[in-house]
Amino acid sequence: MRKAADTAQTLAGDIRAAGLKSTSQRVAVLAALQQAPHSSADAVLVSVRSTLPNISAQAVYGILSAFTEAGLARRVEPAGSPALYEARVGDNHHHLVCIRCGAIKDVDCVIGQAPCLTPDDDSGFTVLAAEVTFSGICSTCAQQAETSAR
């Protein structure tokens, strides 16, 4: 039980460090994101309701929005999928997304730090971030297709 309390204290500190008030609802949402990266708001709601049964969907959406704005969470929007949220922020990672089952995996940038931040023509923009999504078929779906073809 002590470990859960330590984790909650750490999460509360992270929330305060981002300039937000720490509440039990915010701690629960951040814990859910750390336990299940790439979760939809609805999945976060289901997870949080296991410990806070009266939390509303509106509260979860508001917390996710505040976390995204404060840099505690990242919103990822794969084509054909609801927005997904993750707690891995502050680095230059991208995503692999399966077009069949929707599985999503993090992929570190293999070229170097923030190589995608130098567009050919920035049109006067100061580029702050770049998102790359690699779409394809995951190994599980590829194996299932191969098995079905036999």
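Of note:
This table checks each residue for (1) among the polar types (S, T, N, Q); (2) outside any loop (DSSP other than H, G, I, E, B).
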| residue | (1), (2) |
| --- | --- |
| 64 | no, yes |
| 78 | no, no |
| 97 | no, yes |
| 102 | no, no |
| 120 | no, no |
| 124 | no, no |
| 128 | no, no |
| 144 | yes, yes |
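- Within the stretch 1-33, being within 26 Å of residue 57 (Cβ to Cβ) and either modelled with pLDDT under 95 or β-branched (Val, Ile, Thr) (or both) holds for 4, 7, 8, 15, 23, 27, 29.
- Taken together, the residues in the stretch 39-55 that are part of a loop (DSSP other than H, G, I, E, B) and within 21 Å of residue 10 (Cα to Cα) amount to 3.
- Out of 72, 20, 52, sole residue that is at negative phi, within 15 Å of the chain's Cα centre (by Cα) and among the hydrophobic types (A, V, I, L, M, F, W, C): 72
The values are calculated or read from the model by the stated rules, or taken from the named source; none is laboratory data. Model, not experiment: these values are computed from the prediction. Backbone-built Cβ (ideal geometry, glycine too); neighbour counts: all protein chains shown.
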